[in-house]
Amino acid sequence: MQVIGCMALDLDRVREIAERVATSSGLEVVDVEFRGSGSARMLRVFLDKPGAAGGDPLAGVTHGDCANFSREFGTILDVEDAMPGSYTLEVSSPGLDRKLTRRAEFERFVGSRMKVTTRNPVNNNRHFEGRLESFHEGRLTLDVSVASKKSRKKMGAAGVEEGEKIGIEFANVEKANLVPEI
């Protein structure tokens with residue numbers, strides 16, 4: 001529960017409504033964020049389509065999906081008074097460089113390139129780029145030999161030899177984003 005002035009916002013309730021609306025439209029909620037205060041309050045919802053990770057750029061969330069979700073979700077928020085006061089609703093796809101936070105997302109994006117920042121150093125480094133080779137029993141394995149030159153420099157002694165792999169515990173992941181491959 002987040003308190004805004006004298007108004008309480010139950011973000012879990014807002015997320016539950018978002019997931020209910022998304023599911024009915026064949027979508028999934030990736031993230032819900034609430035930012036700002038006063039007249040600059042913004043509620044952001046990031047949507048995706050299940051199975052859109054297969055590399056087909058047309059398989060993701062469309063502008064129409066976002067517009068339909070926004071209309072239905074906004075109406076329910078207003079009717080159920082789940083968002084007290086005024087706010088701006090922004091609905092979008094997570095983008096090509098999407099943030100990964102849940103175990104299911106790491107499982108879904110095995111084979112994809114990503115950047116990972118760890119809470120605690122692994123091989124004397126906290127910053128890695130590579131292809132996610134596997135995610136098994138709470139541990140991800142990155143092939144860091146495919147890292148960009150800039151990332152290789154950052155990783156330094158962490159190891160970027162041909163075929164070198166780094167194992168990172170999911171609990172040690174502070175931040176992870178996909179790296180677009182064009």
The one condition N123 fails out of (1) within 14 Å of N172 (Cβ to Cβ); (2) modelled with pLDDT of 90 or more is (2)
Looking at the range 64-89, I want the residues that are free of Cβ contacts under 8 Å to residues at least 40 places away in the same chain and have a partner that is surrounded by fewer than 18 Cβ atoms within 10 Å (Cβ to Cβ) with Cβ atoms under 7 Å, at least 6 apart or on another chain. Which pairs are those? C66/S92; S70/L89; G74/L89
Going through the range 24-41 one residue at a time, which ones are within 18 Å of the chain's Cα centre (by Cα) and either among the hydrophobic types (A, V, I, L, M, F, W, C) or at pLDDT 95 or above (or both)? L27, V29, V30, V32, F34
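Tell me yes or no: at least one residue of the range 48-57 is touching a strand residue (DSSP E or B) at 6+ places or on another chain (Cβ under 9 Å), surrounded by 15 or more Cβ atoms within 10 Å (Cβ to Cβ) and of a type in the set (A, V, I, L, M). Steps first, please.
Within the range 48-57, the subset touching a strand residue (DSSP E or B) at 6+ places or on another chain (Cβ under 9 Å) is 48-50.
Subset that is surrounded by 15 or more Cβ atoms within 10 Å (Cβ to Cβ): 48-49.
Checking the rest, the ones that are also of a type in the set (A, V, I, L, M) come to none.
No, every residue in the range 48-57 fails to be touching a strand residue (DSSP E or B) at 6+ places or on another chain (Cβ under 9 Å), surrounded by 15 or more Cβ atoms within 10 Å (Cβ to Cβ) and of a type in the set (A, V, I, L, M).
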Among the residues of the range 155-178 satisfying the criterion of being at pLDDT 90 or above and open to solvent by less than 30 Å² (accessible area, probe 1.4 Å), which is farthest from N125 (Cα to Cα)? L178
Might you check whether a residue that is modelled with pLDDT under 90, within 30 Å of L140 (Cα to Cα) and charged (D, E, K, R) occurs anywhere in the range 55-64? yes
Consider R152 carefully, then state whether it is farther than 26 Å from V32 by Cα, out of contact with any His (no Cβ under 7 Å at 6 or more places or on another chain) and at pLDDT 90 or above. no
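From the residues in the range 139-149 that are surrounded by fewer than 19 Cβ atoms within 10 Å (Cβ to Cβ) and touching a Gly at 6+ places or on another chain (Cβ under 9 Å), which one is nearest to E169 (Cα to Cα)?
Kept after step one, since they are surrounded by fewer than 19 Cβ atoms within 10 Å (Cβ to Cβ), are these residues of the range 139-149: 139, 141, 143, 145-146, 148-149.
Okay, now just the ones that are also touching a Gly at 6+ places or on another chain (Cβ under 9 Å), so 139, 141, 143, 145-146.
Details: R139: 4, T141: 9, D143: 15, S145: 19, V146: 20 Å.
Applying the filter and picking the extreme gives R139.
Restricting the search to the range 8-28, which residues are among the β-branched types (V, I, T) and open to solvent by 60 Å² or more (accessible area, probe 1.4 Å)?
Going through the range 8-28, the residues among the β-branched types (V, I, T) turn out to be 14, 17, 21, 23.
Within the range 8-28, just T23 meets the criteria.
From the list H136, H127, which one is open to solvent by 50 Å² or more (accessible area, probe 1.4 Å) and farther than 17 Å from N177 by Cβ?
Working: H127 fails: farther than 17 Å from N177 by Cβ.
Of H136, H127, the one residue that is open to solvent by 50 Å² or more (accessible area, probe 1.4 Å) and farther than 17 Å from N177 by Cβ is H136.
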Among what's in the range 61-97 and is open to solvent by 70 Å² or more (accessible area, probe 1.4 Å) and assigned to a helix (DSSP H, G or I), pick the residue that is farthest from V21 (Cα to Cα). H63
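The values are calculated or read from the model by the stated rules, or taken from the named source; none is laboratory data. Predicted model, so just to flag it, every value in this text is computed and none were measured. Positions of Cβ are backbone-derived with ideal geometry, glycine not excepted, and every protein chain shown enters the neighbour counts. Heavy atoms of the whole protein, side chains included, go into the accessibility calculation; ligands, DNA and RNA do not. Shrake-Rupley method; radii C 1.70, N 1.55, O 1.52, S 1.80 Å.
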